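Take a look at the structure below.
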Amino acid sequence: MTGERSLPVSRVSDSRDAPPLRWGIMGPGWIAARFTESVQAHTRQVIAAIGSRSLDRSEVFAGKHGIAEAFGSYEELAASDVDIIYVATPHNFHYEAALMALDAGKHVLVEKPIGINREQAAGIASRAAGAGLFAAEAMWTFFLPKFDVIRQVLDAGMLGELTTVFAEYGEHFDRSHRIFDPALAGGPLLDLGTYPLALITSILGEPDRLMALGEPHESGVNAQLSAVMSFAGGRQAVMNTQLYNFTPTSATIVGTEASLTIDGPFNMPGGFTVRFPDGTRLAYEEPVGGHFEGLHFEAAAVARAIAEGQLEVPQRPLAESVRTMAVADAIRNQLGIVFPGESPSTRSR
Ligand SMILES: NC(=O)c1ccc[n+]([C@@H]2O[C@H](COP(=O)([O-])OP(=O)(O)OC[C@H]3O[C@@H](n4cnc5c(N)ncnc54)[C@H](OP(=O)(O)O)[C@@H]3O)[C@@H](O)[C@H]2O)c1
């Protein structure tokens, strides 16, 4: 590198430019409300219908967010005239909800994690491909403008040969949160750990070795886990996730020429810094924000992809979602964590 180092600019355009789709939402919960507010404020996408297991809950959500149609079952929503269904149910219902939508001829955007294991992720991918329908995991981080810049930095080789990725995510939850419920595939791995794992596996690929340590929570779910991984070429990754309290939610990508540290929480809108050994620092500035400021980017990217006839988005290809779940499976295999409806053989080895 010369002394004229600079960061590329983000190629993510205004979310209002994306051609509108008619969206239906399955599951009127916390993230469904955040998604609706962000999409309605920042895009021309139409949240046309909401589906709940209860017509009352569906009507309350529709009334609050100005949504035209409210259904009292997911089946009715799937059969309605929406273009795409955003699956926002708890993790262990993503698979059946996504298949229901695909089998009704609807494209799908499935909240993270796309399923509870590799087999479910691969099942959604193959059902969508077989039907010629769009599918993606709503890993919203990768659709943020900063991630487009990070991807360009990595692709340009600005960090040199990549050697290491550190990433972690911890948060505090009220004891009533579903993260403490074993019946809802609770524990931090699928809610929080999926972010560091998605980052690590999208940058370094699938590890050839992995060692995990985990500790149980009194509720019966896993309380925290850490994993170290090695990849081809001697590269390594370290991750932690836990449900006790907030952490910086930091992520650093190290290379032979420079390192890149994403401001925490790395999964949300914000900046990052590239640091070179000679003291040079290149800072990318992006307003710090939360779900309201960030979720619309994924909806806009999905709408653009579908308008162009694509069945996937480059920001989060289905193969990467499958790979993330394979690594989550490998961690769980070492820790003996089994989710509802799984037999030990369901998980990849
Ligand atoms: N992208 C992000 O930043 C982000 C943030 C939070 C959560 N998420 C993901 O979004 C998903 C939903 O999380 P959330 O926090 O929104 O959950 P939540 O508030 O509990 O809402 C989940 C919704 O799913 C429906 N549901 C269907 N079957 C259910 C069951 N057996 N038990 C409970 N609810 C059931 C419920 O609606 P009805 O019963 O009315 O149908 C409920 O409103 C999770 O997979 C999570 O990982 C993503």
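Here are some notes:
- Residue within the stretch 74-85 that is touching a strand residue (DSSP E or B) at 6+ places or on another chain (Cβ under 8 Å) and free of Cβ contacts under 8 Å to residues at least 24 places away in the same chain present: no
- Number of the exception - ARG53 against (1) away from the ligand (no atom under 13 Å from the Cβ); (2) on the phi < 0 side of the Ramachandran plot: (1)
- Every pair of residues 6+ apart whose Cβ atoms lie under 7 Å, when the first sits in the stretch 274-299 and is closer than 30 Å to PHE134 by Cα while the second is small (Gly, Ala, Ser) and assigned to a loop (DSSP other than H, G, I, E, B): GLU286/GLY270; GLU286/GLY271
- Of all residues in the stretch 271-290, exactly one satisfies the criterion of being within 16 Å of the ligand (Cβ to nearest atom) and open to solvent by 40 Å² or more (accessible area, probe 1.4 Å), namely VAL288.
- As a summary of the residue check, LYS112 satisfies the conditions (1) within 13 Å of the ligand (Cβ to nearest atom); (2) under 23 Å from ASP263 (Cα atoms); (3) touching a strand residue (DSSP E or B) at 6+ places or on another chain (Cβ under 7 Å); (4) open to solvent by less than 10 Å² (accessible area, probe 1.4 Å) except for the one numbered (4).
- Verdict on THR141 being in contact (Cβ under 8 Å) with a residue 60 or more places away in the chain and closer than 18 Å to GLU342 by Cβ: no
- Qualifying residue in the stretch 153-160 (condition: open to solvent by 30 Å² or more (accessible area, probe 1.4 Å) and not in a helix (DSSP H, G or I)): yes
- Complete set of residues in the stretch 84-114 that are assigned to a loop (DSSP other than H, G, I, E, B) and within 11 Å of ALA135 (Cβ to Cβ): LYS106, ILE114
- Of the residues making up the stretch 24-36, not a single one is part of a helix (DSSP H, G or I), away from the ligand (no atom under 14 Å from the Cβ) and open to solvent by 40 Å² or more (accessible area, probe 1.4 Å).
- Members of the stretch 133-148 found to be assigned to a helix (DSSP H, G or I), crowded, with 20+ Cβ neighbours inside 10 Å and not hydroxyl-bearing (Ser, Thr, Tyr), listed by number: TRP140, PHE142, PHE143, LYS146, PHE147
- Residues satisfying the criterion are present in the stretch 315-333 (criterion: open to solvent by 10 Å² or more (accessible area, probe 1.4 Å), within 13 Å of the chain's Cα centre (by Cα) and of a type in the set (Val, Ile, Thr)).
- The residue of the stretch 161-171 that is most open to solvent (accessible area, probe 1.4 Å), among those that are closer than 11 Å to VAL254 by Cα and of a type outside the set (A, V, I, L, M, F, W, C), is GLU161.
- Qualifying positions in the stretch 41-77 - more than 20 Å from ALA18 (Cβ to Cβ) and part of a strand (DSSP E or B): ILE50, GLY51, GLU69, ALA70, PHE71
- Test for VAL12: is it outside any helix (DSSP H, G or I) and crowded, with 17+ Cβ neighbours inside 10 Å: yes
- In the stretch 180-194, the residues that are more than 9 Å from the ligand (Cβ to nearest atom) reach residues that are among the polar types (S, T, N, Q) and open to solvent by 10 Å² or more (accessible area, probe 1.4 Å) with C-beta atoms within less than 7 angstrom, at least six apart or across chains, in these pairs: PHE180/SER219; GLY187/ASN222; PRO188/ASN222; PRO188/GLN224; PRO188/GLN242; LEU189/ASN222.
The values are calculated or read from the model by the stated rules, or taken from the named source; none is laboratory data. Worth saying up front: this structure is predicted, and the values here are computed from it rather than measured. For neighbour counting, all protein chains shown are included, and Cβ atoms are generated from backbone atoms with ideal geometry for every residue, glycine included. Only protein heavy atoms, including side chains, enter the accessible area calculation; ligands, DNA and RNA are left aside. Shrake-Rupley method; radii C 1.70, N 1.55, O 1.52, S 1.80 Å.
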